[in-house]
Amino acid sequence: MEAYDGAPVDVAVVGGGPVGMWLAAELHRAGVRPVVLERRAERPPYSKALTIYPRTVEQFAMRGLVDRWLAEGTPVPSSHFALMKNRLDFSFLPTRYPFTLFLPQRRTEELLEEHLAELGVPYLRRHAVTGLRQDEAGVDLDVDSPGGPMVLRAAYAVGCDGATSVVRAAAGIDFEGTADTWRTILGDIELTDPPRAPALTLNQPGGSLYMVAIGNGRYRLAVIDHATLHDPLDKPATFTELRASALRLAGTDFGMRDTPDAWLSMVGNAARQAARYRAGRVLLAGDAAHIHYPAGGQGLNLGLQDATNLAWKLAAEIRGWAPPGLLDSYHAERYPVGFDVIDDSLAQCGLFANPTREGVALRDRFNAVLGAHPTLCQELAVRLSGLGIRYPASGQALLAGQRAPDLDLHGAPGTIFGLLHPAKFVLLNLGPAAAAPRQPRQALPAGFGDRLLTVTAELAGDDPDWACIRAMLIRPDGYIAWATATADAPPLASWFSPAP
């Protein structure tokens, strides 16, 4: 646990899970002082999430950290939609990481906490936020700490404290949507007779089963058993019930062992989203902003991408160079993405959690359509991977709002992602012989050099999609702010206001 010295804090990050830790690291890179407040004394031994999708892997690559995850995760070159037998092939995706990376969330959290320690970011365990008040200049957070009750003052607070977020409630933000109407069992179990493949998907008339290896003879097992789907919502998960469901759906229990370290949980179909991701100086990210049934394992990725989008905007606001409306663009950009993931999860639930004859017929028909139409599989794969996210751009701006790929470069260090390691804007000038960049027509904001890296380079390979691009301005989160096929000057004033 990194110590807190009592100095003024720019951002209080409430919640020390993966989203909170990644947000704190990104804020630190952007030049502001965060502190992480975590109510728990120790990290839970179990892992809610396992799945890391290509866009999230790219985020780690943009900060020079990807090797830490690749060294320990298990790449699987496919995924599924609604547990269909016809799986989604990821191998065609336009990325260096065309796979699903399986790594238990606990290990991801350990890697992130190690990274925070390297950065010197305070991470305070046993610091439970119980309430907050905000004014025009900052936020006062009431904290139960090991030394007793305290009030921590910060310029901003971000709730990364999960579905029952204290921060969201204290800020008066509604959590709109629907409550649980059914639940399923999820567990990490030791198997003595596992399937040969590292991942298994089964669809049967009586429900669905999903299994993936998580190491050391243990498997994550999820069952959507139509026979128990609508049991009382307060019914606890048991090993006996999980085993019975596996036998019903797969005809085998795969040699399950009820070991002391087995973990079981009930997972419900509640689908909720914060009505707004910002209320004054209080913001939300991760499960505090959105929850859904974990169909496809999208929640962790959604939250980490929230954090990457928010951090540089919040830092720009704190450091005084954010143009008007930049911080509000966090909600404008991320709310639709969260809504889309929730809808995607609900659609999958409609396919695998409908025990009626009509529901089973719909699922079987959709599975047949997937098998007959590879382009549909590809579209679903792009959506699931996160690579297809595109933020709205004004007018007909060329490429604006879409992700910048990790193109190889001549005349610059390595690749585009290599340029993004410092988490600054990148103005990349491209063209034959890597000609010197045209001088911008407008005056540059004072002191802009600490937030903008200007690079002149050539593309190392022939890429017809990018051959006509003369220059692009890339945001710290890896999305294109502006691009041109001519000699136009970049609209820097739209992104950089003069610092005070």
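The values are calculated or read from the model by the stated rules, or taken from the named source; none is laboratory data. Worth saying up front: this structure is predicted, and the values here are computed from it rather than measured. When we count neighbours, we look across all protein chains shown, and the Cβ atoms used for this are built from the backbone with ideal geometry, even at glycine. Only protein heavy atoms, including side chains, enter the accessible area calculation; ligands, DNA and RNA are left aside. Shrake-Rupley method; radii C 1.70, N 1.55, O 1.52, S 1.80 Å.
Numbers below:
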quantity	calculated
Shape category assigned to the stretch 383-423 from the gyration tensor of Cα positions, a/c cut at 1.5	prolate
Computed magnitude of the charge dipole of the chain (debye, nearest 20; Cβ of K, R +1, Cβ of D, E -1)	380
Amide hydrogen neighbours beyond the local backbone of residue 454, cut-off 5 Å, H modeled	427
Cα shape, the stretch 334-426, gyration tensor, a/c 1.5 rule	prolate
Heavy-atom accessible surface of the chain: percent carbon and sulfur, 1.4 Å	53
0 to 90° range, to nearest 10: angle between helix 18-29 axis and the chain longest Cα axis	10
Cα gyration tensor shape for the stretch 333-381, rounded if a/c is under 1.5, else prolate or oblate	oblate
Average Cα contact separation per residue, the chain, under 8 Å, 6 or more apart, as relative contact order %	17
Loop GluC sites (Glu not before Pro), the stretch 80-152 (other Cβ atoms within 10 Å of the site Cβ: 14 or fewer; DSSP)	136
Accessible area in square angstrom per residue, the chain, 1.4 angstrom probe	41
C-alpha long axis of helix 299-319 to longest principal axis of the chain, angle in °	20
Karplus 3J(HN,Hα) series, Hz, for the stretch 484-496 with 6.51 cos²θ - 1.76 cosθ + 1.60 (x for Gly, Pro)	9, 9, 10, 9, 4, 7, x, x, 4, 4, 6, 10, 10
Packing-based ranking, highest mean first, of 75-84, 159-168, 288-297 given that Cβ atoms within 10 Å are counted	288-297, 159-168, 75-84
Relative packing of peptides 17-27, 218-228 - highest average C-beta neighbours within 10 Å first	17-27, 218-228
Packing rank of 173-184, 30-41, where each peptide gets the mean count of other beta carbons within 10 Å, highest leading	30-41, 173-184
0 to 90° range, to nearest 10: angle between helix 105-119 axis and the chain longest Cα axis	20
